[in-house]
Amino acid sequence: MLRYLNAGESHGRGLMAVIEGVPSGLPLTADAINADLIRRQGGYGRGGRMRIEKDRIEFICGVRKGKTLGNPLGLLIWNKDWENWKEIMASEPGTPSTERVVTRPRPGHADLVGAIKYGHRDIRNVLEKASARETAIRVAIGGVAKSLLAQFDMQVVSYTMDIGGVAAPSQADPLAAYQEAEQSDVRCPDPEAAKKMIEHIRGAKHKGDSLGGIFEVVVTNPPIGLGTYAQWDRRLTARLAMAAMSIQAMKGVEIGMGFESARRYGSEVHDDIYFDESAGQFIRKSNNAGGLEGGITNGQPIVVRVAMKPIATLYTPKDSVDIETKESFKATVERSDICTVPAAGVVGEAVIAYEMANALIEKFGGDTVEEMKRNYEAYQEYVRSF
């Protein structure tokens, strides 16, 4: 099984992670991961931090000559902005810095509850780790997972479906939609909807407000049989939902038809099963289930939609209370974005890819990629003869 730990503060020296369980012999270079890190920093509506940081991954250990060794992988992203914060965020003992102390919690953030939970009088100790800056290292972790999935002809893509109520039409071909979305400043596959989304973001910026939205993540070509119904916490539906909801600011997730299925008759929801004699396999002509039945992949593309709330840091801040004086104030304004839904889709790819890679290792696990492939091919032969 895969597992990882990540660490690092938003304005600290850097972000790091250790991943355990990656099989040996996996081709892995920084280039593909760096491409996703660039994608995470893009999108119309991003703030000033994205003009400072130029995220690049470094492999500290676990990779030699472009292939994994089977050892734990060490990943590191340096924070360029550290130069402006190294006195404030210094780890050495000394008098606490009086610069940029935060005592006014922002509604919608972890600020107040985190300060109470961990006993911090300077809320900066909370916001530095709760910050979505953390998603940079998680995109890198997802890049490792994507590299493994690619060995089994699986791809994880995303695109924006809604920003602030401006919705794009449903997409029949996820790979084509992804290619279109990559040409869009809001990562939307529909050009007309994309124009309206940009105008909506521009209007929110003018008002000092922020916008959320919905992105869709699709996993192509998954094999039948990943996940299980045997235990509640091993159902792949549950694992994917948890992964999506672990991203900062996410408030809802649905798989396949999702919430719409609650409004339909069963005859309109469930995907009929057929047998293709020429291919010798079971097929479906619709995918309302989103590729998962009973917590197990059914061979159809996996479709996950995730709802993101508007960014909680506003340039017209909401009411709050100073934790020291208990006086009412307008909340602290940290440097902020207006809309990060396009970037959140890239993060969504990463966390979904990680869970899919974990399920793949669980099903076909081996110490090497070649061993996994032998197990995979033997299983696929079994499926074809079922």
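The values are calculated or read from the model by the stated rules, or taken from the named source; none is laboratory data. Just so we're clear, the structure is a prediction, and the values are computed from it rather than from any experiment. Cβ coordinates were reconstructed from backbone atoms using ideal geometry, including for glycine residues, and neighbour counts include every protein chain displayed.
Taking the condition among the small types (Gly, Ala, Ser) and either more than 26 Å from Met154 (Cβ to Cβ) or over 21 Å from the mean Cα position of the chain (by Cα) (or both), does Gly366 pass? The answer is yes for Gly366. A single entry from Lys80, Lys54, Lys65, Lys86 fulfils the requirement of being surrounded by fewer than 16 Cβ atoms within 10 Å (Cβ to Cβ) and within 21 Å of Pro342 (Cα to Cα): Lys54. Being of a type in the set (A, V, I, L, M, F, W, C), free of Cβ contacts under 8 Å to residues at least 40 places away in the same chain and closer than 24 Å to Ser131 by Cα is not true of Ala17. All of (1) within 22 Å of Ala359 (Cα to Cα); (2) in contact with a helix residue (DSSP H, G or I) (Cβ under 7 Å, 6 or more places away or on another chain) hold for Gly74 with one exception: (2).
The residues in the range 166-194 that are outside any loop (DSSP other than H, G, I, E, B), free of Cβ contacts under 8 Å to residues at least 12 places away in the same chain and more than 21 Å from the chain's Cα centre (by Cα) can be counted, and the count is 2. The single condition among (1) closer than 16 Å to Ile352 by Cα; (2) more than 15 Å from the chain's Cα centre (by Cα); (3) among the charged types (D, E, K, R) that Glu199 does not satisfy is (1).
Might you let me know whether the range 203-218 holds any residue that is within 17 Å of Thr297 (Cβ to Cβ) and either not in a helix (DSSP H, G or I) or not polar (S, T, N, Q) (or both)? Scanning the range 203-218, I find at least one residue that is within 17 Å of Thr297 (Cβ to Cβ) and either not in a helix (DSSP H, G or I) or not polar (S, T, N, Q) (or both), so the answer is yes. Can you tell me which residue is farthest from the chain's Cα centre (by Cα) among those in the range 89-128 that are surrounded by 18 or more Cβ atoms within 10 Å (Cβ to Cβ) and β-branched (Val, Ile, Thr)? Only one residue fits best here, namely Thr103. The residue that is nearest to Gln171 (Cα to Cα), among those in the range 269-307 that are of a type in the set (Ser, Thr, Tyr) and in a strand (DSSP E or B), is Thr297.
Of Glu381, Glu371, all but one fail to be without any contact (Cβ under 8 Å) to a residue 40 or more places away in the chain, part of a helix (DSSP H, G or I), more than 30 Å from Gly208 (Cα to Cα) and of a type in the set (D, E, K, R); the exception is Glu381. Give the residues of the range 105-129 that are modelled with pLDDT under 95 and at positive phi, sorted by residue number. Listed by number, the list holds a single entry, Gly108.
Listed conditions (1) closer than 19 Å to Glu20 by Cβ; (2) outside any helix (DSSP H, G or I); (3) of a type outside the set (D, E, K, R) are all met by Val101, apart from (1).
Listed by first and then second residue, the pairs linking a residue in the range 225-237 that is in a loop (DSSP other than H, G, I, E, B) to a residue that is among the β-branched types (Val, Ile, Thr) and surrounded by fewer than 18 Cβ atoms within 10 Å (Cβ to Cβ), with Cβ atoms under 8 Å apart and 6 or more places separating them unless they lie on different chains, are Gly225/Val383; Arg235/Thr228.
For the range 317-360, enumerate the residues that are more than 23 Å from Ile247 (Cα to Cα), surrounded by 16 or more Cβ atoms within 10 Å (Cβ to Cβ) and at pLDDT 95 or above. If the condition is that a residue be more than 23 Å from Ile247 (Cα to Cα), surrounded by 16 or more Cβ atoms within 10 Å (Cβ to Cβ) and at pLDDT 95 or above, then Ile323 is the only one that fits. Would you check if Ala343 is over 30 Å from Val166 (Cβ atoms) and assigned to a helix (DSSP H, G or I)? For Ala343, the condition - over 30 Å from Val166 (Cβ atoms) and assigned to a helix (DSSP H, G or I) - is not met.
Residue pairs whose Cβ atoms lie under 9 Å apart, sitting 6 or more positions apart in sequence or on different chains, and linking a residue in the range 289-304 that is more than 17 Å from Asp272 (Cβ to Cβ) and touching a residue at least 40 places away in the same chain (Cβ under 8 Å) to a partner that is among the aromatic types (Phe, Trp, Tyr) and outside any strand (DSSP E or B), are Gly295/Tyr229; Gly295/Trp232; Ile296/Tyr229.
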